[in-house]
Amino acid sequence: MGLTVLMNAGPWLSVPPPGYGGIENVVATLVPELRRLGVRVVLASVGSSTLAADERLSVFADGQFPSLQRPYNQVCGIAQAHLGGVVRAVRGRDDIDLVHDHVEAVGLATLAAMGPDGPPVLHTLHWDLAKHPDLYGQLDGGDRVRVNGVSAAQLARAPAALRAHSVGHAHLATPLAVDADRRPAVEKGEHVVVLGRINPGKGQEVAVRLARRVGFPLVLAGPVGPYHRPEELAAAGDQARQNPDVRYWDERVAPYVDGVRVRWVGTVVGRDRDDLVASARATLFPLRWEEPGGTAVVESLALGTPVVATARGCLPELVTHGRTGLLTEDEDELADLLVAATLIEPDECRQEAARRFTPAVMARRYVEFYDRVRDLAGPVLKAA
Ligand code: UDP
């Protein structure tokens, strides 16, 4: 189809990410499928990225994520420097048909500020849209800058000015969904898993209290702030408590973690993560925020594990209540739902994932968005 897209993954982590990295994982999942569909991809990332692309550009040699622990006034130039490189690249050539941007706030602001002779832009919103009200509340990208969400529920929270730029939503995908309906079933254990960053929004405190009250084995997988292993957190000592997620862990979660019935295994990746989730009788999402995209939700389905969750954010869009999981508005009901979840067929979960959440499904949706964004932008000035 001859379309060239500059995919702006940003300066924070390499693509694919070395461990935890939601946005970089989306880019790593999307780009190979786009290229299969004939899209040329110029990847704007960091020098250490290994994802295959038609071309790459970078301002930084390595991911700048560790710098995010430093005060704002020391780090606020990083994303701007990266975006400066993107703008110079786009201005210096005439073959970029569209920029697909993933950089929170700075990407949108910078690309919108390029004015009418800038390229068509699709900016994917990966986060809670109640954030950045000053930027989103008065966004003016003209006909050229559009946004998409990762769920309808997420976009519903956007200020009107941001929503006016929206071309819709594309649910997140997982490579685990490819042929998920053909993989052999995995024997289920007794354990329940909570997979995600340990923080108040993800609601691990609800899970540990339920496990203590009802007595089921619970595994918490995920980092606490920047700490991926229990030993790392222990070694960091008191200064770690400057991080709000560490305080949440210390005060609300850790008192219930006995290392036997309720365990924290740190961040698990790759095969270990897949085995942990596939052998669980359910994954639990006791959410206390409006989950915008829910990668871990679609991964659970792809691995044949029913989802039990509070019906918040994107959960009702991703999980079919009674068929691939059980949802409730009332967190006191979660314990009953965990029992009932044994009646959900793992095959149903895997079939649904193979139908709805593959990288190919996501990539087709983005190609539709690219066409729409370019149509809405009208003739591009570079051709004049
Ligand atoms: N994850 C992981 N290991 C862990 C915990 C989480 O690999 O121990 C992954 C999880 O599989 C998912 C991502 O981290 O791919 C979390 O994405 P999600 O959209 O669920 O949550 P976010 O952190 O972006 O809010």
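Tabulated data for the structure shown
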read-out: Subset of the range 269-287 (residues that are in a loop (DSSP other than H, G, I, E, B) and either small (Gly, Ala, Ser) or modelled with pLDDT of 95 or more (or both)); value: 279, 280, 281, 286, 287
read-out: Breaking point among (1) touching a Pro at 6+ places or on another chain (Cβ under 9 Å); (2) closer than 21 Å to residue 151 by Cα; (3) surrounded by fewer than 24 Cβ atoms within 10 Å (Cβ to Cβ), for residue 319; value: (3)
read-out: Failed item in (1) out of contact with any Pro (no Cβ under 6 Å at 6 or more places or on another chain); (2) crowded, with 22+ Cβ neighbours inside 10 Å, with residue 347 passing the rest; value: (2)
read-out: Candidate set: the range 213-227, residues that are within 16 Å of the ligand (Cβ to nearest atom) and not aliphatic (A, V, I, L, M); chosen: the one modelled with the lowest pLDDT; value: 226
read-out: Qualifying positions in the range 228-245 - within 12 Å of the ligand (Cβ to nearest atom) and crowded, with 18+ Cβ neighbours inside 10 Å; value: 245
read-out: Qualifying residue in the range 80-88 (condition: in contact with a strand residue (DSSP E or B) (Cβ under 9 Å, 6 or more places away or on another chain), not aromatic (Phe, Trp, Tyr) and not in a helix (DSSP H, G or I)); value: no
read-out: Unique match (being open to solvent by 10 Å² or more (accessible area, probe 1.4 Å), out of contact with any His (no Cβ under 6 Å at 6 or more places or on another chain), under 30 Å from residue 12 (Cα atoms) and of a type outside the set (S, T, N, Q)) among 215, 225; value: 225
read-out: Odd one out for residue 194 among (1) assigned to a strand (DSSP E or B); (2) under 28 Å from residue 140 (Cβ atoms); value: (2)
read-out: Those residues of the range 1-50 which are open to solvent by less than 20 Å² (accessible area, probe 1.4 Å), part of a loop (DSSP other than H, G, I, E, B), under 30 Å from residue 226 (Cβ atoms) and more than 16 Å from the ligand (Cβ to nearest atom), in sequence order; value: 11, 46, 49
read-out: Some residue of the range 23-41 being in contact (Cβ under 8 Å) with a residue 24 or more places away in the chain and touching a His at 6+ places or on another chain (Cβ under 6 Å); value: yes
read-out: Qualifying positions in the range 256-274 - under 25 Å from the mean Cα position of the chain (by Cα) and open to solvent by less than 50 Å² (accessible area, probe 1.4 Å); value: 264, 265, 266, 267, 268, 270, 274
read-out: Considering residues of the range 288-324 that are touching a strand residue (DSSP E or B) at 6+ places or on another chain (Cβ under 6 Å) and within 10 Å of the ligand (Cβ to nearest atom) only, the residue farthest from residue 249 (Cα to Cα); value: 300
read-out: Residue selected from the range 111-137 under the condition modelled with pLDDT of 95 or more and more than 27 Å from residue 363 (Cα to Cα), by the criterion most open to solvent (accessible area, probe 1.4 Å); value: 134
read-out: Count of residues meeting criterion [out of contact with any Phe, Trp or Tyr (no Cβ under 7 Å at 6 or more places or on another chain) and closer than 17 Å to residue 20 by Cα] in the range 173-192; value: 2
read-out: Inter-residue pairs, beta-carbon under 8 Å, first more than 17 Å from residue 285 (Cα to Cα) and in the range 213-226, second within 16 Å of the ligand (Cβ to nearest atom) and assigned to a loop (DSSP other than H, G, I, E, B), 6+ apart; value: 225/243; 226/243
read-out: The range 179-212, residues that are within 12 Å of the ligand (Cβ to nearest atom) and open to solvent by 70 Å² or more (accessible area, probe 1.4 Å); value: 197
read-out: Residue 253 being within 14 Å of the ligand (Cβ to nearest atom) and either at pLDDT 95 or above or open to solvent by less than 40 Å² (accessible area, probe 1.4 Å) (or both); value: no
read-out: Unmet criterion (only one of (1) touching a Lys or Arg at 6+ places or on another chain (Cβ under 9 Å); (2) not in a helix (DSSP H, G or I)) for residue 140; value: (1)
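The values are calculated or read from the model by the stated rules, or taken from the named source; none is laboratory data. Bear in mind the structure is a predicted one, so any value in this text is a computation, not a measurement. No Cβ is skipped: glycine too gets one built from the backbone with ideal geometry, and neighbour counts run over all protein chains shown. The accessibility values were calculated without ligands, DNA or RNA, using every heavy atom of the protein model including side chains. Shrake-Rupley method; radii C 1.70, N 1.55, O 1.52, S 1.80 Å.
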